[in-house]
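Have a look at the structure below, then the notes.
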Amino acid sequence: MDFLEKYELSACLQCGKCTGGCPVALRAPLNIRSLMREVLLGGEPESVLEHPELWDCTTCATCTLRCPRGLNPSEFIVGLRAELIEGGRVPKTIIDALEGTYKHGNPWGRARQKRIEWKEGLEVKIIPDEGEAEWLYFIGCAPSYDPRLQGVPRTLCRMLDAAGVSFGILGTKESCCGNEIRRMGEEGLFEELMEENTSHFRSSGATNIVTTSPHCFNVFGNEYDLNGFQVYHYTQLLSGLIKEGKVDLPHTVQKKVVYHDPCFLGKQNGVFDPPREVLRAIPGIELIEFERSRERSLCCEGGGGRMWVEGTGEGERNSEIRVRDAHAMGADVIATACPFCLLTLEDGAKTTGLEEQVFIKDILELVAEAMGFDHE
């Protein structure tokens with residue numbers, strides 16, 4: 001099957017809505033309409049593969065959502081990247097991420113045995129080795145290894161324990177979910193990760209999976225074959241537990257908070273309300289909204305493999321725009337529910353010099369304050 005047929009390029013109206021809505025095109029030469037037209041006229045993607053801006057795409061799927069013909073331009077970009085992978089024309093940082101995942105189960109190439117260092121001092125059950133559980137908590141690579149993020153799974157584990165939820169983790173058996181691996185174009189490695197993780201899921205004895213990252217949530221729910229499992233992002237689970245009265249939030253968190261919708265949670269999966277419900281349940285928080293929110297949320301530029309490759313664009317990054325907007329609104333905190341968003345937005349706060357005016361927090365960090373975990 002050629003590119004024209006696979007991505008239905010002949011149906012493209014060349015209306016430009018894909019590029020006009022692209023959050024990366026604000027400052028980079030990525031022109032999805034032009035790339036599609038180039039392949040449409042040439043019949044093959046060869047000339048298009050010379051464009052370095054193919055690695056600028058975050059696969060946020062704004063282009064796909066806005067296409068009036070129902071095409072999938074973001075998948076077209078992934079397909080072009082797959083051609084680059086096959087031909088060995090890949091940035092070294094991408095090669096390193098793929099090799100690290102193949103050898104060690106994570107894009108940073110960190111040792112597998114260090115994947116559970118985040119839980120030091122916590123009694124967290126590894127299933128099925130240490131017993132059974134109803135819920136399987138999938139930590140994800142970034143929260144497992146990044147010191148800035150490790151407090152997030154620690155808080156969720158303590159919260160689930162306090163709420164009486166029966167849960168466990170895979171421990172060192174957990175490998176990268178593969179969401180970014182596939183979007184970098186490495187379909188073969190993605191298939192391996194999917195088979196490996198699915199095997200562990202089925203042998204775990206759990207029936208529900210909860211994830212830290214929207215990227216894991218997306219790929220498990222939409223691209224794995226997980227019949228028999230229910231997949232949740234942690235904000236969905238936490239919102240339900242709060243409504244059921246199983247989570248006590250006795251401490252006031254006196255902050256003006258603006259919520260940043262992660263692309264893989266909001267745009268791509270329609271999860272908009274649970275994160276906001278959690279924030280509204282925290283005493284003292286005044287929740288405000290970005291002008292660009294929900295379906296129109298401005299991509300932070302962390303997805304689609306962009307954590308491992310520098311883009312070609314110049315000028316102000318989206319994360320910097322986001323921080324400046326929050327500061328102008330008088331927000332104390334930008335809250336998000338995605339490890340990649342947290343890291344990129346924190347970078348934006350630092351590069352704008354606003355890191356002491358606008359703090360970037362995961363929703364669970366605010367929950368930890370409300371539960372009194374930071375008072376202990």
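Here is how the numbers come out for the structure above:
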| item | result |
| --- | --- |
| Wholly within the stretch 12-83, helices (runs of 4 or more DSSP H) carrying at least 1 residues that are loosely packed, with under 15 Cβ neighbours inside 10 Å | 17-21, 32-42 |
| Candidates Gly121, Gly140, Gly105, Gly88, filtered to the one that is surrounded by fewer than 15 Cβ atoms within 10 Å (Cβ to Cβ) and either closer than 30 Å to Leu238 by Cα or in contact (Cβ under 8 Å) with a residue 12 or more places away in the chain (or both) | Gly121 |
| Which listed residue, of Val152, Val165, is under 22 Å from Leu238 (Cα atoms) and either in contact with a Pro (Cβ under 8 Å, 6 or more places away or on another chain) or not in a loop (DSSP other than H, G, I, E, B) (or both) | Val152 |
| Filter result for the condition that a residue is of a type in the set (Asp, Glu) and closer than 25 Å to Arg182 by Cβ, over Glu134, Glu99, Glu120, Glu130 | Glu99 |
| The stretch 283-306, residues that are closer than 17 Å to Gly270 by Cβ and in contact with a Gly (Cβ under 8 Å, 6 or more places away or on another chain) | Arg294, Glu295, Ser297 |
| Residue under evaluation Ala97, criteria (1) within 17 Å of the chain's Cα centre (by Cα); (2) of a type in the set (Gly, Ala, Ser); (3) under 17 Å from Glu196 (Cα atoms), criterion not met | (3) |
| Residue match in the stretch 271-278 (condition: within 30 Å of Gly21 (Cα to Cα), of a type outside the set (Asp, Glu) and touching a residue at least 60 places away in the same chain (Cβ under 8 Å)) | yes |
| Qualifying residue in the stretch 279-299 (condition: buried (at least 22 other Cβ atoms within 10 Å of the Cβ), at pLDDT 95 or above and in a helix (DSSP H, G or I)) | yes |
| Residue that is surrounded by the fewest Cβ atoms within 10 Å (Cβ to Cβ) [pool: residues in the stretch 125-137 that are in contact with a Phe, Trp or Tyr (Cβ under 9 Å, 6 or more places away or on another chain) and not hydroxyl-bearing (Ser, Thr, Tyr)] | Glu134 |
| Yes/no for Arg66 being charged (D, E, K, R) and under 25 Å from Asn179 (Cα atoms) | yes |
| Residue check for Cys216: assigned to a loop (DSSP other than H, G, I, E, B) and surrounded by 17 or more Cβ atoms within 10 Å (Cβ to Cβ) | no |
| Qualifying residue in the stretch 185-192 (condition: aromatic (Phe, Trp, Tyr), closer than 27 Å to Ala61 by Cα and either in the same structural domain as Ala61 (by TED's automatic domain parsing) or part of a loop (DSSP other than H, G, I, E, B) (or both)) | no |
| Verdict on Ile169 being β-branched (Val, Ile, Thr) and either touching a Cys at 6+ places or on another chain (Cβ under 6 Å) or free of Cβ contacts under 8 Å to residues at least 60 places away in the same chain (or both) | yes |
| Residue list for the stretch 219-246, restricted to those being in contact with a Lys or Arg (Cβ under 8 Å, 6 or more places away or on another chain) and buried (at least 16 other Cβ atoms within 10 Å of the Cβ) | Val219 |
| The stretch 227-277, residues that are of a type in the set (A, V, I, L, M, F, W, C) and under 16 Å from the mean Cα position of the chain (by Cα) | Val231, Cys263, Phe264, Leu265, Val271, Phe272 |
| Some residue of the stretch 321-331 being assigned to a loop (DSSP other than H, G, I, E, B), touching a strand residue (DSSP E or B) at 6+ places or on another chain (Cβ under 9 Å), within 30 Å of Phe167 (Cβ to Cβ) and not basic (Lys, Arg) | no |
| All positions within the stretch 338-356 that are over 24 Å from Cys141 (Cα atoms) and acidic (Asp, Glu) | Glu355, Glu356 |
| Residue in the stretch 245-260 that is closer than 30 Å to Leu98 by Cβ, touching a strand residue (DSSP E or B) at 6+ places or on another chain (Cβ under 8 Å) and assigned to a loop (DSSP other than H, G, I, E, B) present | yes |
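Condition check ((1) in contact (Cβ under 8 Å) with a residue 24 or more places away in the chain; (2) aliphatic (A, V, I, L, M); (3) surrounded by 24 or more Cβ atoms within 10 Å (Cβ to Cβ)) across all residues:
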position: Arg322; (1), (2), (3): yes, no, yes
position: Cys338; (1), (2), (3): yes, no, yes
position: Ile363; (1), (2), (3): yes, yes, yes
position: Gly372; (1), (2), (3): yes, no, no
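The values are calculated or read from the model by the stated rules, or taken from the named source; none is laboratory data. Computed from a predicted structure; not experimentally measured. Cβ sites come from the backbone with ideal geometry, for glycine too, and all protein chains shown count toward neighbours.
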